[in-house]
Each structure stands twice: as structure tokens, then as C-alpha cells.
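Peer 1: This is the structure I have questions about; it appears just below.
The values are calculated or read from the model by the stated rules, or taken from the named source; none is laboratory data. Only a predicted model underlies this, so the values are computations on that prediction, with no experimental measurement involved. Note that we place each Cβ from the backbone using ideal geometry, even for glycine, and neighbour counts take in every protein chain shown. Areas reflect the complete protein model, heavy atoms only, side chains present, ligands, DNA and RNA absent. Shrake-Rupley method; radii C 1.70, N 1.55, O 1.52, S 1.80 Å.
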Amino acid sequence: MVFVGLDWASTAHAVCVLDSIGTVQWRGSVPHSADGLAELVRRLRQFGPPATVHVAIERPSGVVIDTLMDAGLQVVPIHPNVVKASRARYSAAHAKSDEGDSYLLADLLRTDGPRFRPLRPLADETRALRALVRGRDDLVGQRVALANQLRALLERFWPGAAVIFADVDSPIALAFLARYPTPQSAERVGERRLAQFLRRHAYCGRRPAAELLGRLRGAPVGRAGEAECDASGELVRSVVAVLVPLVAQIQQLSAAIAAALADHPDGPLVQSLPRSGQVNAAQLLAELGDDRARFPTADQLTAEAGAAPVTRASGKHRAVVFRWACNKRLRQAVTTLADNSRHASPWAAAVYARARARGGDHPHAIRILARAWLRVIWRCWQDRRPYDVAQHRAATLLPTA
């Protein structure tokens, strides 16, 4: 058995190969190219059968990972925090270099190998769903940032346009700003003209034109001069021009996610959870994956999701603190599910209410509920069975009204 440390980089990867007693068998660098990765696989195969070659790397996905796993090599991801904490074992001065990190990774895998779990390839439908979900989440982050920028811009020179509709990045709000980017352009907008505009753009809100016009006119009046208003109007047009196609693409991705979730074998499982919806269910499934051995216990899943706190105890001192190191996408998915579920599940509402009664604020209570849901989700996921409230003992024991 040999142990390989691979320090990943964008242009070249430092590689170190150790035998079972820690002797360096080969050390070098390979370029990040098709030929370079092929040469890396060829070299590593020289040290024995693929099942006996264990490769440590600081990332769990990417082209390098896929290439090594397709070659049958055992790929073991090691968190960068673990590598950073171990650096003092090899250098009192905490020196760092790519070559040194590749040796550190290989030796850490050799000495502490049982602590780390090799990657298992995911099914193609899971990888496709994860790509769609994560891509959509990234675009939503950009949409939120642009919407905040647009709102801040409007509040500076035209506060009424920021409050006329509930969301400044909704299709109707963007259409309104594209047509009326400045206060001067909307001076002649009355109730009838606004009603015509709403009908033309198929406004589906419940607010009549008179109420919306009252919001527009009742907001504080900006004091910007004519030149500043014109300049700000150009900025509004620019941001709107970016937001309109971005919002449309997010809607298309949401539809693609719904289709991918329907085709996934575990789709019915996650959609059986109360108020999970399609996008949130897909987010949860994308981060869970389909490798049941990845989380042998429910406690490991709750730690991965950041729903379990960290206890630090020494002598008489004991502190329980927030868990920062976790899969943040999984935490976002499960806390969103927890927050939504309390409006549909009496059991979830009771767990949340008890957490608030003990003095917890809303985020803390949601994490407590998320931890409770994760135990249920883990059991359903391991058994490959959809959630059934009749089989949920804690839910069936609730007193009925």
C-alpha cells in the first residue's frame, strides 16, 4: 500500500508518494492538463493495483478527483482545517510550500488514515441534480446582491420606487423601473395609467392600483438634482438590464431542478417531508447524495449540517459554541426545511415552541428543530422510505385538540 499527497493548484499539482513506513518513493509536479493528469495516473499505477493506492487531497470534487476515481484509485479528501492544524507536527515555524503540503498530506493519510473516509462515486443523476441546485443557488446569491444594490440606489434618489411593490427584483417591479427609471419619468402616472400598466404586464398581486400609487406618492421625496437623477436613472436601467435575464434564468433552472428531482430515485423521499417544496427538497437531496455509508450515524449527519453545537471542555471549564465548520449548503437546506415545516407539522411547531419557551431566539430554535428533523431524515434516508407521520412516534404522541 502506498500513500499519495496531492497539493491541488490551478496550473500544476505537487505530488508526493510514500510507502507504508514513510519513505518517499517519488516526488514531483504534474501540469493541470489532459496529458498531465494522464501521466499522473500512469505514474501512480506503477506503485501497485489501484485499490492499494490512496490519494489524499484537500478538495472533494473537481476534474482531478474525477480522473483519479475513474482510474480506480482510492481518493481521500482531507479538510484544509485538518491540514492547517497538523502543520505544526512537521514544522515548528509553520513553514508552507506546495511540495511540503503534498508530503504532509501523504504522511497524514499514512499515520491517521482510519480517521478519513475514501470518496465513493455518486450516481449520475445525483451529480446532475447537485450541479443544477448549486448553480441556481449561486445565481440567487447574485440576484440578491443586485437587488440590494438596486434598492439602495432607489432609496437614495427615489424612495417610492423601492416600496411600490413587495420585491424590487420581481418581474413587475423590474418592468416598472425599466419604463419609469426616474421620478420625473413617472410624474404623469395616475391611477388609470398605472392600472393599464399592471394589466399589460399581467400583474398577479392583490394590491389595487390606487394602493400601489399611494405607496409611490407617499414615500419620502428624494432631494437629488436633475443631473444626479438622470445619472441615477442610467444606473437603474443598467441594473435592471442585468436582473431581468438573471431572474428569467433562475426560473428556468428551477423548472429543470423540478424535472431532475422527479427523475431521481430518492425524489419522493425528500418531497415527502412537510413543506419541502421542489427546490428545497432538491437542495437537501443534492447535499445528502446517494452514498448511505457517508453518514453511518444521525449524529454525523447533524454535525455535517452544522445543526449540532461544538462542546469544548477542560477541567472545570465547559463551553458549548456554534459549529462553524460544516457543509453550509446542507445547513441552509435543512434550516429552510425546518422553518417551513413548523407551519405544516404540529410536531415541528411544538419542537420550535418549546425551544423558544426555553429562551432561544428564532435562529437557535430553528437549529434545534433542524437537528430533530435530521434524525428523522437520516432514518428515512437509510431505510429508503418516504416520511410517514404515522410512523413518526414523537409526532403521533402529540395531544390532539
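Peer 1: What's the local net charge at Cys16, with K and R +1, D and E -1, over the other residues with C-beta under 13 Å away?
Peer 2: Numbers: positive: Arg27, Arg43, Arg110; negative: Asp7, Asp19, Asp98, Glu99, Asp101, Asp107.
Its environment carries a net charge of -3.
Peer 1: On to the next question. Pull out the extension gain between Arg237 and Ser86, defined as 0.36 nm times the separation in residues minus the alpha carbon to alpha carbon distance; nm, one decimal.
Peer 2: Details: separation 151, 0.36 × 151 = 54.36 nm, distance 5.18 nm.
Contour length minus Cα-Cα distance gives 49.2 nm.
Peer 1: Tell me, what is the FRET efficiency for Gln184 and Ala152 to the nearest 0.05, using R0 = 22 angstrom and their Cβ-Cβ distance as r? Before the final figure, lay out each step's value.
Peer 2: Values: r = 20 Å, r/R0 = 0.93.
That gives a FRET efficiency of 0.60.
Peer 1: Here's something else I'd like to know. As an exercise, identify the GluC sites (Glu not before Pro) in the stretch 154-229 lying in DSSP coil whose Cβ has no more than 15 other Cβ atoms within 10 Å. Mind dumping the intermediate values first?
Peer 2: Values: sites: Glu155, Glu187, Glu191, Glu211, Glu226, Glu228; in loops: Glu187.
Qualifying residues, ordered by number: Glu187.
Peer 1: FRET efficiency for Arg42 and Arg134, Cβ-Cβ distance as r, R0 = 25 Å, nearest 0.05? Walk me through the numbers on the way to the answer.
Peer 2: Numbers: r = 32 Å, r/R0 = 1.28.
After rounding, the FRET efficiency stands at 0.20.
Peer 1: Given a 1.4 Å probe and heavy atoms of the protein chains only, how would you sort Phe116, Phe322, largest accessible area at the top? Write down the numbers at each step before the final one.
Peer 2: Details: Phe116 35, Phe322 65 Å².
Heavy-atom accessible area, descending, gives Phe322, Phe116.
Peer 1: Lys328 accessible area, nearest 10 Å², 1.4 Å probe?
Peer 2: Spelled out: Lys328, probe radius 1.4 Å, area about 120 Å².
Peer 1: Please compute, over every Cα-Cα pair in the stretch 191-260, the percentage with a separation greater than 15 angstrom.
Peer 2: Numbers: 1768 of 2415 pairs.
Tail fraction, whole percent: 73.
Peer 1: With the full set of protein chains in place, find how many percent of the accessible area of the stretch 31-168 is carbon and sulfur; take the probe as 1.4 Å. Mind dumping the intermediate values first?
Peer 2: Values: 3690 of 6970 Å².
So the carbon and sulfur contribution to the accessible surface is 53 percent.
Peer 1: Excluding residues on the same chain fewer than 8 positions from Lys96, give the lysines whose Cα lies under 28 Å from its Cα.
Peer 2: Lys84, Lys328
Peer 1: For the stretch 63-123 and the stretch 229-286, what is the separation of their C-alpha centers, rounded to whole Å?
Peer 2: Distance between centres, Cα-based: 35 Å.
Peer 1: Please get the size of the charge dipole for the chain, origin at its Cα centre, with Cβ charges of +1 on Lys and Arg and -1 on Asp and Glu, quoted in debye to the nearest 20. Provide the component values of the computation, followed by the final result.
Peer 2: Working: 53 positive and 37 negative charges, 323 e Å.
I would put it at about 1560 debye.
Peer 1: If you bin the C-alpha pair distances of the stretch 119-158 every 5 Å from 0, what whole percents do you get?
Peer 2: It works out to 6, 21, 14, 13, 12, 9, 9, 6, 5, 3, 2, in whole percents.
Peer 1: Follow-up question, since we're still on this one. Given a Förster distance of 22 angstrom, what is the FRET efficiency for Val163 paired with Lys328, based on the Cβ-Cβ distance and rounded to 0.05?
Peer 2: Working: r = 32 Å, r/R0 = 1.45.
Between Val163 and Lys328 the formula returns 0.10.
Peer 1: Okay, next question. Could you give the length gained on full extension between Val24 and Arg312, defined as 0.36 nm per residue of separation minus the Cα-Cα distance, in nm? Intermediate results must be reported in sequence, preceding the final value.
Peer 2: On the way: separation 288, 0.36 × 288 = 103.68 nm, distance 3.74 nm.
In short, 99.9 nm is gained.
Peer 1: Okay, moving on. Of Gln278, Val163, Phe3, which is farthest along the charge dipole of the chain in the positive direction, counting Lys and Arg as +1 and Asp and Glu as -1 at C-beta?
Peer 2: The listed residue farthest towards the positive side: Val163.
Peer 1: Something else now. For Ser20, what accessible surface area do you get with a 1.4 Å probe? Give it in Å², rounded to 10.
Peer 2: 80 Å²
Peer 1: OK, next. Helix 328-341 versus the longest principal axis of the chain: what is the Cα-based angle in degrees, 0 to 90, to the nearest 10?
Peer 2: Between the helix axis and the principal axis of the chain, the angle is about 50 degrees.
Peer 1: Could you give the length gained by full extension between His201 and Arg393, i.e. 0.36 nm per residue of separation minus their alpha carbon distance, to one decimal place? Provide the component values of the computation, followed by the final result.
Peer 2: On the way: separation 192, 0.36 × 192 = 69.12 nm, distance 4.94 nm.
Full extension from His201 to Arg393 adds 64.2 nm.
Peer 1: Which whole-number value in Å² is the accessible area per residue of the stretch 292-372, probe 1.4 Å?
Peer 2: Details: 4390 Å² over 81 residues.
Computed with neighbouring chains in place, this is 54 Å² per residue.
Peer 1: Let me ask something additional. Just need log10 I(q)/I(0) for the chain at q = 0.07 Å⁻¹, Debye formula, equal scatterers on the alpha-carbon atoms, no solvent, rounded to two decimals.
Peer 2: -0.51
Peer 1: Okay, moving on. May I ask you to give the percent of accessible area on the stretch 246-331 that is carbon plus sulfur, with a probe radius of 1.4 Å?
Peer 2: Working: 2250 of 4180 Å².
Here it works out to 54 percent.
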